[in-house]
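The values are calculated or read from the model by the stated rules, or taken from the named source; none is laboratory data. The structure displayed is predicted, hence computed values, not measured ones. All Cβ positions, even for glycine, are placed from backbone atoms using ideal geometry, and neighbour counts span all protein chains on display.
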Amino acid sequence: MTLVAAPRVLEPFVRRVAAIVGEDRLSQTAPARALYSRDMWPKTLLWTREGSFPHPPDLVVWPESLEEVAALVRLCASEGVALVPFGGGGGVCGGVIPLRGGVTLDLKRMNRLVSFDPESATAEFECGIIGQHLEDELARRGHTLGHFPSSIYLSTLGGFLAARSAGQLSTRYGKIEDMVVSLRLVTGTGETLDTASCPELLQALVGSEGTLGVFTHARLRIHPVPEARRMHAFSFTHLADGLEAIRTLLQRGVRPAVVRLYDPLDTFLVGSGKARKTSPRPLLALRGALEERFPSATPRLLRAALTCPAALNQLSDRFLHRALLILGFEGPRELVEAELALGRESCARLGGRDLGPGPGDRWFENRYKVSYKQSRIFAAGCFVDTMEVATTWDRLWGLYEAVRRALSDRALLMAHFSHAYPEGCSIYFTFAATARDPAERERLYDALWHDGLEATQRAGGCLSHHHGVGYSKSVFMAAELGEGMRLYQALKDVLDPGGILNPGKMGL
Amino acid sequence: MKIEKRSRTVEAPVETRLCELRAACVAQGLWPGPLVDLSPETTLGAALLARADRRSVRYGELWDRVLALEAELPGERLLRTRAAPRAATGPDLTRTILEARGRLGSVRVAWLRLWAVPGERGLLQLEGSLAVLISGTARVLRAGVRPAEVDLQGGRQGGRLLLAFEGDPALVAAEMGVARCVLEKAGLAPAAVAEAQKVPAVSALLETIPVEGAWSELPALAARALERLDATETAPARLVWLTHEAAGLKFPAPRGSTPEPRERTRADEIKAEIALALVRRCA
């Protein structure tokens, strides 16, 4: 049975692509086209489990230089062929799904360090470099970017910039948009642009998810490897006290590298640094606990548990109250010690019990493991996804409650608060559910996302803090940007007049 | 004007005078960061258009402090950006509107970030050649501390660097300690000074030559600029903006010199095209 439809681009077009990159750097094989038809959006995992690849590209191409990218974009623009820039495929919003087929441009061969200037604390990289490789290059030179998303092994610099990504240490180092000094890109007409000569456009391009240009190079702010790092955990009687501790700490001017406050269910499943090893994600902890006790029955048990999410959520609300806060500090030793002392003081003032460095150190050791285990939950006939939203402190509790009200009757729901700022914070919801058959699971999945995001927008939260919009949240963009959508469309009109770049995304 | 104490933000129409904005915030124990109000009539709108104040690493420049805004687009359409600390919802439209300086829309209201009125202020001062002071400033920033104020001035006869740290007393002490250590490791001798002891800054330079570049390039650029100065020129150069990776200095212009006209670039054309496209989209 053919799972991937036959490619639609014609042979003469393919020959012209081959003239640019050579025969060995393009592919029209079914496996390649299936691989590039999706990213890590959980809904595509549901599709894949059903053997469905509804949106394959017609052609996958691996360019190696800005000149090749520009030539390929010019060719696609002249032929009206859609083009999707592809990094590591680690996105979780379907941002790289080729909805109109066409060419998928895998940029991972553009992975070089172009320049390194320790005096000015900057480095320029090609955008196809994998996040961990970028950090390795800098570490060899005694530096760091400070960007550590959990997808760091399978996501690229270009992907970070495209989606306005955040790393786990963002409270100190900022999000990727705070780290970028300038970008080189190819617009939808094939013209190359360097924002060093027009810095006004930099923040209009970052976050455009491949709709305004193909990012090829980025100059980044870097930092010397920190002299010291201290992790520390606290346990609060009530979640609200933990939130208050974070707010007061940030507003005193302290900049922890790590801020993670788990709500009671999340705290319970993650473990408070006692017997269980701290897992970076609660559902995996649940599954791990079940595996330990009932090795052969786990999928069935997990499914059974998720058939009554409302009851589980109510039990959690009734019996679980404690909230775990992990703080991490890094930088010059003297500053780290001063910040940790202020952290302890702020937490103690709000009744936070000092748990020492243990839970934080264990979290740090395990911080990337989750990304490679999710398919086991899907294999059990369930699904799990995360929704990361943000707002200012005055609206934060209302946002947390609103999303819980919207989802807790149909999904097991928990959250942690991370990526904190003096004026607000992000909430990272994890929801898991199951249904009788694949079609019903997909309907439930869509309904949960719809209701969760609608509740978010009503409560004044933003649609996404760092995963981006992609395809999955595209329909919410008009409500998110309002009249601002006209400005985004104006940018598109100028930078991609043919509408070939990543069509069907971002509400455009 | 509406101050939200919990999130430390203020919603202010652009007609608000900066002195009123500051007074209203201070009355609530809050502080909008350094504002450049050249006269009592300077408004928030004027400061946003002029991109006033670019020397504070701690507070960022004025545009960095704008959390959200309301702007009138062509066709009287009202754009209101979401007041979230950060978002991943496409281009940063707040910044895009500010950067366009009125070409895309006129700002009506801005939501600004606020800080606690600083509990402590500590000053470090050192003297040396312009190149040494530039290098010292870069070292301090690379160490990860965030001075509230960096005042660097100097010429052929040398100059002085003043670093001010503000905020929680424990953090001010730690940041000053780190900065002092970094500078001493570089063979420099910073001294803690009281506000009254600091060497005052020279008055504003009227005719100037701007010199901008990455920290690694700046000493050489500054040396070349000094060579071009009139031998009798005594007014020192001033640091006018700085970021983590680059800075701008202004040197007094030699007498009789005229600035070279700037050529229209492709970037200028693109910006004009975007403004036109927006007019069409708003029609």
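Which numbered condition trips up A:Asp136, out of (1) buried (at least 22 other Cβ atoms within 10 Å of the Cβ); (2) without any contact (Cβ under 8 Å) to a residue 60 or more places away in the chain; (3) over 16 Å from the mean Cα position of the chain (by Cα)?
Failing condition for A:Asp136: (1).
From A:Asp451, A:Asp493, which residue is surrounded by fewer than 22 Cβ atoms within 10 Å (Cβ to Cβ) and more than 13 Å from chain B (Cβ to nearest Cβ)?
Numbers: A:Asp493 fails: more than 13 Å from chain B (Cβ to nearest Cβ).
So the residue among A:Asp451, A:Asp493 that is surrounded by fewer than 22 Cβ atoms within 10 Å (Cβ to Cβ) and more than 13 Å from chain B (Cβ to nearest Cβ) is A:Asp451.
Inspect all residues belonging to the range A:249-257 and state whether any of them is crowded, with 20+ Cβ neighbours inside 10 Å and under 30 Å from A:Thr187 (Cα atoms).
no
Tell me, which helices (runs of 4 or more DSSP H) lie completely within the range A:436-508 with 1 or more residues that are in contact (Cβ under 8 Å) with a residue 40 or more places away in the chain? Spell out the reasoning first.
Working: elements: A:438-458, A:477-481, A:484-495.
Fully inside the range A:436-508 and qualifying: A:438-458, A:484-495.
Starting from residues that are surrounded by fewer than 19 Cβ atoms within 10 Å (Cβ to Cβ) and among the acidic types (Asp, Glu), keep the ones in the range A:35-92 and report whichever is farthest from the chain's Cα centre (by Cα).
Top of the filtered list is A:Glu79.
Kindly check whether there is at least one residue in the range A:477-487 that is of a type outside the set (Asp, Glu), at the interface with chain B (Cβ under 8 Å from one of its Cβ atoms), within 18 Å of the chain's Cα centre (by Cα) and closer than 30 Å to A:Val73 by Cα. Steps first, answer last, please.
Pass one, the range A:477-487, residues of a type outside the set (Asp, Glu): A:477-479, A:481-482, A:484-487.
Checking which are at the interface with chain B (Cβ under 8 Å from one of its Cβ atoms) leaves us with A:477, A:481-482, A:484, A:486-487.
Subsequent filtering for residues that are within 18 Å of the chain's Cα centre (by Cα) retains A:477.
Those still in the list that are closer than 30 Å to A:Val73 by Cα too: A:477.
Yes - at least one qualifying residue is present in the range A:477-487.
Give the range A:200-215 a look and list any residue that's touching a strand residue (DSSP E or B) at 6+ places or on another chain (Cβ under 7 Å), at the interface with chain B (Cβ under 8 Å from one of its Cβ atoms) and assigned to a helix (DSSP H, G or I), or say none.
A:Leu205
Given the options A:Ala380, A:Ala305, name the one that is over 25 Å from the mean Cα position of the chain (by Cα) and in contact (Cβ under 8 Å) with a residue 40 or more places away in the chain. Full working, then the answer.
Details: A:Ala380 fails: over 25 Å from the mean Cα position of the chain (by Cα).
Step by step, each of A:Ala380, A:Ala305 is checked, and only A:Ala305 is over 25 Å from the mean Cα position of the chain (by Cα) and in contact (Cβ under 8 Å) with a residue 40 or more places away in the chain.
Go over the candidates B:Arg65, B:Arg58, B:Arg101 one by one and state the one that is more than 26 Å from B:Asp168 (Cβ to Cβ) and among the basic types (Lys, Arg).
On the way: B:Arg65 fails: more than 26 Å from B:Asp168 (Cβ to Cβ); B:Arg58 fails: more than 26 Å from B:Asp168 (Cβ to Cβ).
Result: B:Arg101 is the single residue among B:Arg65, B:Arg58, B:Arg101 that is more than 26 Å from B:Asp168 (Cβ to Cβ) and among the basic types (Lys, Arg).
Filter the range A:157-192 for residues that are among the polar types (S, T, N, Q) and in a strand (DSSP E or B) and give the result. Before you say what the answer is, go through the steps one by one.
We begin by selecting, within the range A:157-192, every residue among the polar types (S, T, N, Q); these are A:165, A:168, A:170-171, A:182, A:187, A:189, A:192.
Scanning the range A:157-192 gives A:Ser182, A:Thr187, A:Thr192.
Test B:Leu114 against the stated conditions and say whether it is more than 10 Å from chain A (Cβ to nearest Cβ), touching a strand residue (DSSP E or B) at 6+ places or on another chain (Cβ under 6 Å) and touching a residue at least 40 places away in the same chain (Cβ under 8 Å).
Numbers: more than 10 Å from chain A (Cβ to nearest Cβ): no; touching a strand residue (DSSP E or B) at 6+ places or on another chain (Cβ under 6 Å): yes; touching a residue at least 40 places away in the same chain (Cβ under 8 Å): yes.
No: the conditions fail for B:Leu114.
Out of all the residues in the range B:236-249, is one or more among the polar types (S, T, N, Q), surrounded by fewer than 20 Cβ atoms within 10 Å (Cβ to Cβ) and modelled with pLDDT under 80? It would help to see each step written out before you state the result.
Here is the first cut: in the range B:236-249, the ones among the polar types (S, T, N, Q) are B:243.
Still in the list and also surrounded by fewer than 20 Cβ atoms within 10 Å (Cβ to Cβ): B:243.
If we keep only those that are modelled with pLDDT under 80 as well, we get none.
Checking the range B:236-249: not a single residue is among the polar types (S, T, N, Q), surrounded by fewer than 20 Cβ atoms within 10 Å (Cβ to Cβ) and modelled with pLDDT under 80.
What number of residues within the range A:223-277 satisfy the criterion of being among the hydrophobic types (A, V, I, L, M, F, W, C) and at pLDDT below 95?
Initially, the range A:223-277 is screened for residues among the hydrophobic types (A, V, I, L, M, F, W, C), giving A:225, A:228, A:231, A:233-234, A:236, A:239-240, A:243, A:245-246, A:249-250, A:254, A:257-259, A:261, A:265, A:268-270, A:275.
Pick out the ones that are also at pLDDT below 95 and you get A:265, A:268-270, A:275.
Final tally of qualifying residues: 5.
Cβ contacts < 9 Å: first residue in contact (Cβ under 8 Å) with a residue 60 or more places away in the chain and facing chain A (nearest Cβ under 7 Å), restricted to the range B:78-107; second residue assigned to a loop (DSSP other than H, G, I, E, B) and among the hydroxyl-bearing types (Ser, Thr, Tyr), any location; separation 6+ or different chain. Result?
From residues that are in contact (Cβ under 8 Å) with a residue 60 or more places away in the chain and facing chain A (nearest Cβ under 7 Å), the pairs are B:Ala83/B:Ser7.
Hey, among the residues in the range A:186-208 that are of a type in the set (Gly, Ala, Ser) and within 23 Å of the chain's Cα centre (by Cα), which one's surrounded by the most Cβ atoms within 10 Å (Cβ to Cβ)? Quick ask: steps written out before the conclusion?
Step one: list which residues in the range A:186-208 are of a type in the set (Gly, Ala, Ser), which gives A:188, A:190, A:196-197, A:204, A:207-208.
So of that shortlist, the ones also within 23 Å of the chain's Cα centre (by Cα) come out as A:204, A:207-208.
Numbers: A:Ala204: 26, A:Gly207: 26, A:Ser208: 28.
Here the residue is A:Ser208.
Of the residues that sit in the range A:392-438 and are of a type in the set (Asp, Glu) and within 11 Å of chain B (Cβ to nearest Cβ), which one is surrounded by the most Cβ atoms within 10 Å (Cβ to Cβ)? I'd like the intermediate steps shown before the answer.
Our first condition is that a residue be of a type in the set (Asp, Glu); within the range A:392-438, this holds for A:394, A:401, A:409, A:423, A:437.
Subsequent filtering for residues that are within 11 Å of chain B (Cβ to nearest Cβ) retains A:394, A:423.
Numbers: A:Asp394: 17, A:Glu423: 26.
Going through the qualifying residues, I end up with A:Glu423.
Give me the pairs: first residue in the range B:260-274 and more than 8 Å from chain A (Cβ to nearest Cβ), second residue not in a helix (DSSP H, G or I), beta-carbon distance under 6 Å, and six or more apart or on different chains, which are they?
none
Within the range A:362-372, can one find any residue that is crowded, with 22+ Cβ neighbours inside 10 Å, touching a residue at least 60 places away in the same chain (Cβ under 8 Å) and part of a strand (DSSP E or B)? Step through it out loud before you land on a result.
Going residue by residue through the range A:362-372, those that are crowded, with 22+ Cβ neighbours inside 10 Å are A:363.
Adding the requirement that they be touching a residue at least 60 places away in the same chain (Cβ under 8 Å) leaves A:363.
Cutting the leftovers down to part of a strand (DSSP E or B) gives us none.
For the range A:362-372, residues crowded, with 22+ Cβ neighbours inside 10 Å, touching a residue at least 60 places away in the same chain (Cβ under 8 Å) and part of a strand (DSSP E or B): absent.
For the range B:130-226, which strands (runs of 3 or more DSSP E) that fit wholly inside it have 2 or more residues that are more than 10 Å from every other protein chain (Cβ to nearest Cβ), within 22 Å of the chain's Cα centre (by Cα) and modelled with pLDDT under 95?
On the way: elements: B:149-155, B:158-167, B:191-193, B:208-214.
In the range B:130-226, B:149-155, B:158-167, B:208-214 are the strands (runs of 3 or more DSSP E) which contain 2 or more residues that are more than 10 Å from every other protein chain (Cβ to nearest Cβ), within 22 Å of the chain's Cα centre (by Cα) and modelled with pLDDT under 95.
How many residues are touching an Asp or Glu at 6+ places or on another chain (Cβ under 8 Å) and outside any loop (DSSP other than H, G, I, E, B) when one looks only at the range A:118-156?
4
Looking only at the range B:6-23, count how many residues are within 14 Å of chain A (Cβ to nearest Cβ) and more than 11 Å from B:Ala110 (Cβ to Cβ).
3
Can you tell me how many residues in the range A:101-117 are over 20 Å from the mean Cα position of the chain (by Cα) and not in a loop (DSSP other than H, G, I, E, B)? Walk me through it before giving the result.
Of the range A:101-117, the ones over 20 Å from the mean Cα position of the chain (by Cα) are A:101-105, A:109-117.
This time we only want the ones that are not in a loop (DSSP other than H, G, I, E, B), so: A:103-105, A:113-117.
Within the range A:101-117, residues that are over 20 Å from the mean Cα position of the chain (by Cα) and not in a loop (DSSP other than H, G, I, E, B) number 8.
Could you say whether any residue in the range B:37-52 is in contact with a Phe, Trp or Tyr (Cβ under 8 Å, 6 or more places away or on another chain), closer than 27 Å to B:Val199 by Cα and either aromatic (Phe, Trp, Tyr) or more than 10 Å from chain A (Cβ to nearest Cβ) (or both)?
From the range B:37-52, those in contact with a Phe, Trp or Tyr (Cβ under 8 Å, 6 or more places away or on another chain) are B:48, B:51; that's our starting set.
Pick out the ones that are also closer than 27 Å to B:Val199 by Cα and you get B:51.
Okay, now just the ones that are also either aromatic (Phe, Trp, Tyr) or more than 10 Å from chain A (Cβ to nearest Cβ) (or both), so B:51.
So far as the range B:37-52 goes, yes, one or more of its residues are in contact with a Phe, Trp or Tyr (Cβ under 8 Å, 6 or more places away or on another chain), closer than 27 Å to B:Val199 by Cα and either aromatic (Phe, Trp, Tyr) or more than 10 Å from chain A (Cβ to nearest Cβ) (or both).
If a residue has to be more than 11 Å from every other protein chain (Cβ to nearest Cβ), part of a strand (DSSP E or B) and surrounded by 19 or more Cβ atoms within 10 Å (Cβ to Cβ) to count, how many in the range A:216-247 make the cut?
Summing the residues that are more than 11 Å from every other protein chain (Cβ to nearest Cβ), part of a strand (DSSP E or B) and surrounded by 19 or more Cβ atoms within 10 Å (Cβ to Cβ) in the range A:216-247 gives 10.
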